[in-house]
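Working notes for the structure below.
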Amino acid sequence: MADFTREYWETALSSIVLEGRCFIDGEYRCAKLGRTFARARPMDGQPGAVLARGEVADIDAAVASARRAFESGIWRHKEPGEKKRILLAWADLIRAHAEELALLETIDVGKPVLASLNVDVKLCADGIQYYAEVTDKLYDEIAPTGRQSRVLVRKVPLGVIGAITPWNYPMIIDAWKLGPAIAAGNSVVLKPAEQSSLSAVRLASLAVEAGLPPGVFNVVTGYGEEAGKPLALHMDVDMIAFTGSTEVGRLIMGYAAQSNIKRVALELGGKSPLVVFDDADLDAAASAVAWGCFYNSGETCHASTRLLVQRSVQQVLIEKIEAITRSDITLAHPFEPSAQIGALIDEAHMHKVLGFIADGEEEGARRAFGAERVLAETGGYYVSPGVFVDMTNDMSLARQEIFGPVLATISFDTEEEALRLANDTIYGLAGAVFTRDMDRAHRFSEALHAGTVWINTYDRSSFSTPFGGFKQSGFGRDRSVHAIDKYCDYKTIWQQFG
Ligand code: NAD
């Protein structure tokens, strides 16, 4: 294995190809109007990729290609074993190109390149492999209708899926959509976030190299309003699988209603509570809070951004969180091997995060440490992990999804109060409880209204567990075999005898 020094990645950067065209019908294509847009690299503000600025005509071409592939049956009618072989080959190619994909991801989004390599690329390949292996294990049903009939209840693919994804974990979230949608036999048009398209385009070319027929997986790069909106309004798209903000999720539902009543699955925002009782293992809790909130610079939908802590242990817990953050969660240039967190996605987002911090202080939240712009001399967009205390749950830092490395701390006295505070949010994506009292852990985890609840841990995940939210965190689940259901519907075929 290579020695992944900063110099190693600088050398790789000088020779990498930043392919920013759309990928439609098995080939790279410029936007029909010939327009492009440019990205600045979050790690240093230098010029990054130049990307095709896809619009209505490009979406139309991609949807037409996806529809042709679907209607021809070239993918959905393949033998399950053959589908599995092709999807496994795709996962292998992703692994074979892991360093290239990791570099593309880091150039786009500014996360440490070793995190891109060891987490994002790895989980993308694992996700495609997971659904490859499901492909030849899907059974249909025969309904219990009596001896005079044989009634098949078939699970059939929907057709053309539009996938719209965000920039925080692009490859992982793309795999969460592509794996089950394609394994089920659908065709996909993916509109990645305008901040993070490079890995999506490369994934599509690798899919074709692995043997996925042209048209089954297309990518249109571009802005949300110009490319995402026409995809969601398209009359020939059967479903939109969306991950992003609650604000845009609301628009997506409207577009579905205004057009062809396409199905919608929404993975949206969060403001997840991590609740620590005074009997908890405080070292374990501090580590979970720090990593749960600050990993990926806080740009994580299920980040543990609200710490609810029993009053008697608040001070000692905050001290432990500060110690772990300073010793373990190294913020550095993404090519540094020591970097655990890197830059925020872009300059505008950095200023938005700093604006939330300023507003919070004005409302009376007290900064315990961090939450400042750092490494400004690099030209990049870095904010240090920080903690606010002396807060109430109605302050903006406790209610808004900041999507930066900022922890809001609220203290409580009783279990009832903790539960009320934990559920007092418009979101319901995730949460956690730390206590040594297993009766309380059980009671609390049942009562916490969230798609995932961890007990004495945070952010553990597996492809075998569904992921998604309640309330305004959306509906529909990614991951696990259940995700396949969302891309299929039941069809009844009734055969009568005698
Ligand atoms: P965003 O909502 O701004 O953008 C998401 C995607 O929607 C992008 O591809 C964007 O181009 C597109 N888009 C924007 N406007 C559109 C429109 N009018 N029509 C169609 N498409 C449009 O979100 P973001 O800033 O990229 O990502 C951060 C958000 O994503 C956060 O709220 C975060 O919580 C959420 N998120 C949720 C999950 C989850 O699984 N629940 C995972 C990751 C991120």
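The residues of segment 262-272 that are touching a helix residue (DSSP H, G or I) at 6+ places or on another chain (Cβ under 6 Å) and open to solvent by 20 Å² or more (accessible area, probe 1.4 Å) amount to a single one, 264. Every test in (1) within 12 Å of the ligand (Cβ to nearest atom); (2) assigned by TED's automatic domain parsing to the domain that holds residue 341; (3) among the hydroxyl-bearing types (Ser, Thr, Tyr) is passed by residue 304 save one, and that test is (1).
Return the residues of segment 478-498 that are within 16 Å of the ligand (Cβ to nearest atom), in a loop (DSSP other than H, G, I, E, B) and under 16 Å from residue 155 (Cβ atoms); say none if nothing qualifies. Reasoning before the result, please.
Here is the first cut: in segment 478-498, the ones within 16 Å of the ligand (Cβ to nearest atom) are 478-480, 482-483, 486.
The next check asks that each one be in a loop (DSSP other than H, G, I, E, B); those that pass are 479-480.
Matches in segment 478-498: 480 only.
Condition test on residue 388, is it part of a strand (DSSP E or B), open to solvent by less than 50 Å² (accessible area, probe 1.4 Å) and in contact (Cβ under 8 Å) with a residue 12 or more places away in the chain? Taking the combined requirement at face value, the residue satisfies it. Looking across segment 9-41, the residues that are of a type outside the set (A, V, I, L, M, F, W, C) and open to solvent by 70 Å² or more (accessible area, probe 1.4 Å) come down to 10, 11, 14, 15, 21, 27, 28, 32, 35, 36.
What are the residues in segment 222-234 that are open to solvent by less than 10 Å² (accessible area, probe 1.4 Å) and either in a helix (DSSP H, G or I) or under 20 Å from residue 69 (Cα atoms) (or both), if any?
Looking only at segment 222-234, we keep the residues that are open to solvent by less than 10 Å² (accessible area, probe 1.4 Å), and these are 222, 227-228, 231-232.
227, 228, 231, 232, listed by residue number.
Among the residues of segment 131-187, the one identified as surrounded by fewer than 23 Cβ atoms within 10 Å (Cβ to Cβ), of a type in the set (S, T, N, Q) and not in a loop (DSSP other than H, G, I, E, B) is 149. Within segment 2-21, residues that are part of a helix (DSSP H, G or I) sit with their Cβ atoms under 9 Å from residues that are surrounded by 10 or more Cβ atoms within 10 Å (Cβ to Cβ) and among the aromatic types (Phe, Trp, Tyr), at 6+ positions apart or across chains, in these pairs: 6/335; 7/335; 8/335; 9/335; 10/335; 13/335. With the requirement that a residue be touching a residue at least 24 places away in the same chain (Cβ under 8 Å) and over 25 Å from the mean Cα position of the chain (by Cα), what does segment 29-40 give you? Correct list: 29, 31, 32, 33.
Within segment 350-387, restricting attention to residues that are among the aromatic types (Phe, Trp, Tyr) and touching a helix residue (DSSP H, G or I) at 6+ places or on another chain (Cβ under 7 Å), the residue that is farthest from residue 107 (Cα to Cα) is 369. Here segment 235-261 is the region considered, the condition is being crowded, with 24+ Cβ neighbours inside 10 Å and part of a loop (DSSP other than H, G, I, E, B), and the residue that is farthest from the ligand (Cβ to nearest atom) is 237. Every listed requirement among (1) within 16 Å of the ligand (Cβ to nearest atom); (2) open to solvent by less than 10 Å² (accessible area, probe 1.4 Å) is met by residue 194 save one, (2). The set of residues in segment 272-302 that are under 24 Å from residue 414 (Cα atoms) and out of contact with any Leu (no Cβ under 8 Å at 6 or more places or on another chain) comprises 277, 278, 279, 280, 281, 283, 284, 287, 290. The requirement of being open to solvent by less than 10 Å² (accessible area, probe 1.4 Å) and in a loop (DSSP other than H, G, I, E, B) is satisfied by residue 215. Taking segment 287-316 as the range and being buried (at least 24 other Cβ atoms within 10 Å of the Cβ), farther than 13 Å from residue 272 by Cβ and in contact with a helix residue (DSSP H, G or I) (Cβ under 6 Å, 6 or more places away or on another chain) as the test, the residues that pass are 290, 309.
Of all the numbered requirements in (1) farther than 26 Å from residue 132 by Cα; (2) among the hydroxyl-bearing types (Ser, Thr, Tyr); (3) away from the ligand (no atom under 16 Å from the Cβ), residue 425 misses one, and that requirement is (3). In a residue-by-residue description of segment 397-411, the property of being within 24 Å of the chain's Cα centre (by Cα) and surrounded by fewer than 18 Cβ atoms within 10 Å (Cβ to Cβ) applies to at least one position. Checking the structure you have, find out if any residue of segment 198-207 is surrounded by 24 or more Cβ atoms within 10 Å (Cβ to Cβ), near the ligand (Cβ under 7 Å from one of its atoms) and not in a strand (DSSP E or B). The answer is no, given that none of the residues of segment 198-207 is surrounded by 24 or more Cβ atoms within 10 Å (Cβ to Cβ), near the ligand (Cβ under 7 Å from one of its atoms) and not in a strand (DSSP E or B). When residues in segment 157-191 are screened for being within 15 Å of the ligand (Cβ to nearest atom) and hydrophobic (A, V, I, L, M, F, W, C), 13 of them pass.
The values are calculated or read from the model by the stated rules, or taken from the named source; none is laboratory data. Keep in mind that this is a model prediction, so the values were computed, not measured. Glycine gets a Cβ as well: all are built from the backbone with ideal geometry, and neighbour counts include every protein chain shown. Just so you know, the surface numbers come from the protein's heavy atoms only, side chains and all, with ligands and any DNA or RNA stripped out. Shrake-Rupley method; radii C 1.70, N 1.55, O 1.52, S 1.80 Å.
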